[in-house]
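The values are calculated or read from the model by the stated rules, or taken from the named source; none is laboratory data. Quantities reported herein were computed from a predicted structural model and do not represent experimental measurements. A quick note on method: Cβ atoms are made from the backbone with ideal geometry, for glycine too, and the neighbour counts reach across all protein chains shown. Quick note on the areas: whole protein, heavy atoms, side chains included, nothing else; ligands and nucleic acids left out. Shrake-Rupley method; radii C 1.70, N 1.55, O 1.52, S 1.80 Å.
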Amino acid sequence: MKAALVTDLEKVSIQEIDRPKIKDDEVLIKAKTVGVCGSDLHLFRGTHAFRKPPAILGHEIAGDVVEIGKNVKTVKVGDRVTVEPQYGCGECEYCQQGLVNLCANKVVPGTPKWIGVFVEYFNAPERTIHKLNDSVSYQMGTMIEPLAVAVRALRRATVKEKDCLVILGAGTIGLLTLVVAKQMGYKKIVCTDTAEFNREMAIKNGATLAINPIDTDIVDVVKKLTNGKGADLAHIAAGANNIVDQATACVKKRGEIGIIAMITEKIPFYSYQIVINELTMYGAMTYETKDFKEAADMINAGLDLSSFITQTMDIEHTQEGLDVLSQKKEHVVKVMIEF
């Protein structure tokens, strides 16, 4: 079967590899669509924390079940599915709390223990499978994984008020956070991005304001919008050098800052704001299974994210898809690979 691998810095190769042999508790999925994620860019650019070339790309997938292991009970051949791309040891303190995302021994795609999803056939444990309604397209099924990241980021917040949310960075995850926040009842949502297209997407998806942080003072905008109080919550969904300072200056006293972006380089920030205003800062690492299920339920209930899919191409053009996302050659939010 065909597979797309990063073999060197910003180099993708399409290779023939063996089809996976499933275990008794696994299913085999014929891939229909897979998504290009920001973490794939980290692998592509050589900055990923643990995925190193050569490695098969991807962890966002939707497709059809074509084979099941003898112990599989809840999934059958022909089911249309997506995959929660992680599973833990099941025994550590984090797995016992349902925090598989924090398991030190968790298994994820694109590593020696589990192939990436940029393949024609993908094997996955039964416990990671989430079914798609017949009315849901494969593309929307593939969007469940990044949507779950946004669900997790917002569910991590403990601040009760939902008057104002600031989302710093309106890429795929920032925009999905906007969509989820609207459904959760946030009243005023301010998005920032340097790309005009992304700001336009934010407005189309319900943002109160979408501003360019280079030529507009985001703190001044938020203060005016909240009568000088500040936002209840700010989410960091990009990696600009001053972005933590922007977030801490935007939120109110005892407000919260959530970091979603995988920022792999050291960036400075002014910690005095955190102390003087008693701010809370948290990270959001992928999702718990309950977050993934919530995202799947939203898609299965009819949430339409088709406008997010700006490029569609076949696996032979994976290099092109990563180049588009990396270099912003075109207006881009989500690149989807179809089989």
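Taking every C-alpha pair closer than 8 Å and separated by at least 6 residues, the mean separation divided by the residue count of the chain gives a relative contact order of 18 percent. Using only side-chain charges placed at the Cβ, +1 for Lys and Arg and -1 for Asp and Glu, the dipole size of the chain relative to its Cα centre rounds to 840 debye. Extension gain for the segment Asn133 to Phe50, taken as residue separation times 0.36 nm less the Cα-Cα distance, is 26.5 nm to one decimal.
Close amide H partners of Val251, meaning residues 5 or more places away or on another chain with modelled amide H under 5 Å apart, are Ala231.
Max-minus-min Cα coordinates of segment 217-339 on each principal axis give 53, 35, 27 Å, with the largest extent listed first. Rounded to the nearest 10 Å², what accessible area does Lys229 show when all protein chains are kept and the probe is 1.4 Å? Number for this one is 120 Å². In segment 124-264, the alpha-carbon atoms span a convex hull of 131 Å³ per residue. For the chain, adding -39500 (n - 2.57) for each run of n ≥ 4 DSSP H residues and dividing by the number of residues yields -7500 deg cm²/dmol at 222 nm.
Volume of the convex hull of segment 10-153 (Cα atoms only), normalised per residue: 121 Å³. How large, in percent, is the carbon and sulfur part of the accessible surface of segment 58-128 at a probe radius of 1.4 Å? Heavy-atom surface of segment 58-128 belonging to carbon and sulfur, 1.4 Å probe: 49 percent. At the residue level, His59 shows approximately 20 square angstrom of accessible surface with a 1.4 angstrom probe and all protein chains present. For segment 68-184, the calculated P(r) over all alpha carbon pairs, in 5 Å bins from 0 to the bin holding the longest distance, is 2, 9, 15, 18, 19, 17, 12, 5, 2, 1, 0 percent.
When Asp220, Asp8 are compared by accessible area of protein heavy atoms, the largest-first order is Asp8, Asp220, using a 1.4 Å probe. Taking the charge dipole of segment 1-95 about its Cα centre, with +1 at Lys and Arg Cβ atoms and -1 at Asp and Glu Cβ atoms, the residue from Leu41, Cys95, Ile17 reaching farthest to the positive side is Ile17.
Based on every Cα atom in the chain, Rg and the maximum pairwise Cα distance Dmax equal 19.9, 62 Å. Protein heavy-atom accessible surface, 1.4 Å probe, per residue over the chain: 45 Å². Accessible surface of Tyr87, taken over heavy atoms with a 1.4 Å probe and every protein chain present, rounds to 40 Å². Cross-link check: pairs Lys162/Lys253; Lys160/Lys204; Lys76/Lys106; Lys188/Lys223 evaluated at a Cα-Cα cut-off of 20 Å; pairs beyond the cut-off: Lys160/Lys204; Lys76/Lys106. Over all directions, the projected convex hull of the C-alpha atoms in segment 33-101 averages 6.6 nm² in area.
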